[in-house]
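Peer 1: This structure is in C-alpha cells; I'll ask about it shortly.
The values are calculated or read from the model by the stated rules, or taken from the named source; none is laboratory data. Model, not experiment: these values are computed from the prediction. Heads up, the Cβs are rebuilt from the backbone with ideal geometry, glycines too, and the neighbour counts pull from every protein chain shown. Heavy atoms of the whole protein, side chains included, go into the accessibility calculation; ligands, DNA and RNA do not. Shrake-Rupley method; radii C 1.70, N 1.55, O 1.52, S 1.80 Å.
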Amino acid sequence: VLPITLGGPPGYWVSGFDVVDDTLYIAGPFATVNGVARPYLAAVEMSTGTVLPFDPSPEALVTTVRLWGGRLVAAGVFRRIGGERRRGLAELDPVTGRALDWNPDVPEGGAIEVGRDGLLYVAPGRSISGRIPRDTLAAISPSTLRPLPWRPALEFFVLLDRLSFTPDCFVPPTDSTVKCHPRALPSPSQ
C-alpha cells in the first residue's frame with residue numbers, strides 16, 4: 001500500500017485520478033501531497049510515494065485528470081492552470097504540468113473520459129467554446145483537438161468525476177439510479 005498523505009482545509013479528498021506507468025496523477029481539493037505544496041493536482045511516483053516535479057499550479061479545483069493520446073487532460077472549475085489562462089479544461093505536459101496549446105474554453109468544467117475508441121468525451125458544465133451547449137456529450141478527436149459531429153443530446157446529465165462506458169451507451173451512475181443513454185448516431189470512429 002502506497003502511503004499518500006493529503007493536507008488542506010477541512011473536507012479534502014481525491015476527486016479524480018489516473019495511473020500512467022509508475023506515475024499516479026491525483027486531483028481534488030487538497031493543498032499538499034506528502035508534505036509538498038501541490039494544490040488541486042499532483043503527480044506521485046507509485047513505487048516510492050515521491051511527489052514528482054509536475055506542478056501545474058491550478059488556481060481552483062481540478063476534479064478529473066486523464067491521459068489521452070500522450071496528453072494529460074484536466075477538468076475542473078479553474079480559470080488558470082499550467083501558467084496559462086485555461087477555463088475548465090486544459091491539456092498539460094505530463095512531466096512539467098505546463099499548459100499546452102489546446103484551449104477549448106469550458107466554463108465551469110465538466111466530466112471527461114477517454115473512450116476505448118481513443119476519443120475524449122466531454123460533458124460540459126456550461127458549454128465548449130460557447131458553441132457546444134451543456135447537456136450535450138461531445139466527442140473530441142486527438143488528431144484535430146476539435147469536437148466531432150457526433151453530439152447526442154442527453155435527457156439529463158449529472159456532473160460526474162468519471163463516466164462508465166459500454167460499447168453501446170454511456171452509463172452515468174447516480175446515488176440511486178443507473179440510466180443508459182444510447183448513442184443517437186454511430187460513434188464518430190465507426
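Peer 1: Conditions: (1) of a type in the set (D, E, K, R); (2) crowded, with 23+ Cβ neighbours inside 10 Å; (3) more than 20 Å from Gly125 (Cβ to Cβ). Arg86 meets all but one. Number of the miss?
Peer 2: Among (1) of a type in the set (D, E, K, R); (2) crowded, with 23+ Cβ neighbours inside 10 Å; (3) more than 20 Å from Gly125 (Cβ to Cβ), the lone unmet condition for Arg86 is (3).
Peer 1: Still on this structure, I have one more. Can you say whether Gly118 is open to solvent by less than 10 Å² (accessible area, probe 1.4 Å), at positive phi, modelled with pLDDT of 80 or more and part of a loop (DSSP other than H, G, I, E, B), as far as the supplied structure shows?
Peer 2: Numbers: open to solvent by less than 10 Å² (accessible area, probe 1.4 Å): no; at positive phi: yes; modelled with pLDDT of 80 or more: yes; part of a loop (DSSP other than H, G, I, E, B): yes.
It is false that Gly118 is open to solvent by less than 10 Å² (accessible area, probe 1.4 Å), at positive phi, modelled with pLDDT of 80 or more and part of a loop (DSSP other than H, G, I, E, B).
Peer 1: Of all residues in the stretch 1-41, count the ones that are under 19 Å from Gly110 (Cα atoms) and assigned to a strand (DSSP E or B).
Peer 2: 7
Peer 1: Condition first: touching a Phe, Trp or Tyr at 6+ places or on another chain (Cβ under 8 Å), open to solvent by 50 Å² or more (accessible area, probe 1.4 Å) and either at pLDDT 90 or above or closer than 23 Å to Arg38 by Cβ (or both). Can you find one or more residues in the stretch 63-72 that meet it?
Peer 2: Yes, some residue in the stretch 63-72 is touching a Phe, Trp or Tyr at 6+ places or on another chain (Cβ under 8 Å), open to solvent by 50 Å² or more (accessible area, probe 1.4 Å) and either at pLDDT 90 or above or closer than 23 Å to Arg38 by Cβ (or both).
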